[in-house]
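Report on the following structure.
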Amino acid sequence: MSKLFRFFSVFALILVFNGSLASDDSQANFLYQNKNYKEAYRLFKEMLINKQYSLSDIANAQYNLGLMTYHGQGVVQDYSQALNWYEKSAAQGNAEAQLRLAIMFAEAKGTIQNDEQAFMWFEKAATQGSMLAQHHLGTMYSEGKGAQKDNGKANIWYKKAAEQGDVNAQFKLASNYANGQGTEVNLQQAFIWYEKAAIQNSTAAQFKVGEYYELGLGVPKNQKKALFWYEKAAQQGDLTAITNLAAKYYNAQEVTQNFELAAYWYRLAAEKGDVNAQYNLAVMYAKGQGLVQDNQQALIWYKKAADQGDSLAQYNLGQLYGMDNSSAHDDRLATYWYEKAAQQGHALSQNNLAAMYDQGLGIKQNYQQAAFWYTKAAQQGNASAQYNLGMLYLLGQGVQKDLVEAYKWFLISEKNNLLALNKRKTIASKMTEKQISLAELRAISWR
């Protein structure tokens, strides 16, 4: 279960007392605020034996002792002892103690994990109006922890928390309306709650509001508003929103094409490690789109994407390293990256790797390996590989010489390769009609 509490929330809860208290609690609060935790702890503890305090006051003091023990403030941190203080306070009806106690049972802090106990205490706190307990209780129902799974009841509690402003509950409620979880699909309600969460700066909700405006889901289409919310999410670092904006500006999707803005957003996503953005940024550097053309920068970003296993980036690295007129020319590296992509089934890389083996570029010449990789690419429909494979069968390089197989591959390739057509006509004069018929039959069977 996610931890929704931070240190500063302790501060606020420390100050929750009835107005009827005498000086001890005021002094304890003062000491706590000034980080004199030992004295604050001592005074809170003294309140427990002072008969002037009501049961509610005692429960508050027990809660504060639990909180300080949990965080090791003025006393050695001890989850088990914190649990003990929370239990005393919770038993007297203190909602914050009930909430904290539930979380400790859920997270196995100071005790073994016990979803049933967590559920019970969340429910008690939620019934008293604790927003966070209401959210957690919704999650318990949603996940079937401590109680039977019930998305309908989950939504009841999410809505209670959402109405109090819990941004995560607002988002979950919206998602459930959108997906028909525990309710009928209601895109209008989904939009309402996504928007409420978006206004509270939930980046995921901001993206969703943008999406709903773009697609007209639960609200009339409005591309201007869609862009506004996408940009809000992107400005907060939402990776999906950033890449979405980049693609929109690059491909002129509902916006005027703007390579400069596309490059700006792709760079942000690329720097966050998004592999597709790294690849696209490299392409823009290579083509000089929205950026000064720079093959060195293209290499840098292709390599980042390639190192993450992107086969297109690996292929393009092979292309850049294989360019004769490039300052980065390196046949060995070209072969290396072609092989990486080829192993992932990239047909162009398989053909190019085969060619490197065929010609002995960047690697020792090996016709058997050339035939192997030409075959891989040819089987994926690569016309160049089909032609080159035909040549190996024609010459008997890396494979047994076979005019029928050569003719077959030339025939398959010739639709997209004029050289293949000419070569097929040339070898036809050396073949019998039976051989030609067999080759044609094989070509038909391959297709």
> Who wins for biggest fluctuation among Asn316, Asn417, Asn295 in a Gaussian network model of the chain, springs between alpha carbons below 10 Å?
Replying inline: Asn417
>> Within 10 Å of each candidate Cβ there may be at most 15 other Cβ atoms; applying that plus a DSSP loop requirement, which trypsin sites (Lys or Arg not before Pro) in segment 372-431 survive?
In response: Lys401, Lys430
> In the Gaussian network model of the chain, springs joining C-alpha atoms below 10 Å, which of Ser384, Ser202, Ser26 carries the largest mean-square fluctuation?
Replying inline: Ser26
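Just to be sure I follow the definition: excluding the sites themselves, where is the longest run in the chain that has none of the GluC sites (Glu not before Pro) in a DSSP loop with at most 16 other Cβ atoms within 10 Å?
255-447
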> Using the Karplus equation 6.51 cos²θ - 1.76 cosθ + 1.60 (θ = phi - 60°), what ³J(HN,Hα) coupling, rounded to whole Hz, does each residue of segment 178-188 give in order, writing x for Gly and Pro?
Replying inline: 5, 9, x, 8, x, 6, 6, 4, 9, 5, 5
> What are the ³J(HN,Hα) values, in whole Hz, obtained from phi via the Karplus relation 6.51 cos²θ - 1.76 cosθ + 1.60 with θ = phi - 60°, for each residue of segment 160-172 in sequence order, with x given for Gly and Pro?
Replying inline: 4, 5, 4, 5, 8, x, 5, 5, 5, 5, 4, 5, 5
> So, in nm, how far is label Ser445 from label Ile156 when the simple model puts each one 7 Å beyond its Cα toward the Cβ?
Replying inline: 6.9 nm
> Taking the Cβ-Cβ separation of Ile49 and Gln188 as r and a Förster radius of 60 Å, what is the calculated FRET efficiency to the nearest 0.05?
Replying inline: 0.55
> So between Gln289 and Ser437, what do we pick up on full extension, going 0.36 nm a residue minus the alpha carbon distance?
Replying inline: 48.2 nm
> In segment 113-218, with Lys and Arg counted as +1 and Asp and Glu as -1 at Cβ, which of these residues, Gln206, Ile192, Trp121, has the Cα nearest the positive end of the dipole, that is, farthest along it?
Replying inline: Trp121
> With the Cα gyration tensor of the chain giving a ≥ b ≥ c as the square roots of its eigenvalues, does the rule (a/c under 1.5 for rounded; else a/b larger than b/c for prolate; else oblate) give rounded, prolate or oblate?
Replying inline: prolate
> What distance in nm separates the simple spin-label points at Glu254 and Asn201, each placed 7 Å from Cα in the Cβ direction?
Replying inline: 2.6 nm
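Only the coordinates and a few stated rules stand behind these numbers; no lab work does. Model, not experiment: these values are computed from the prediction. Ideal geometry is used to build each Cβ from the backbone, glycine not excepted, and the neighbour counts take in all protein chains shown.
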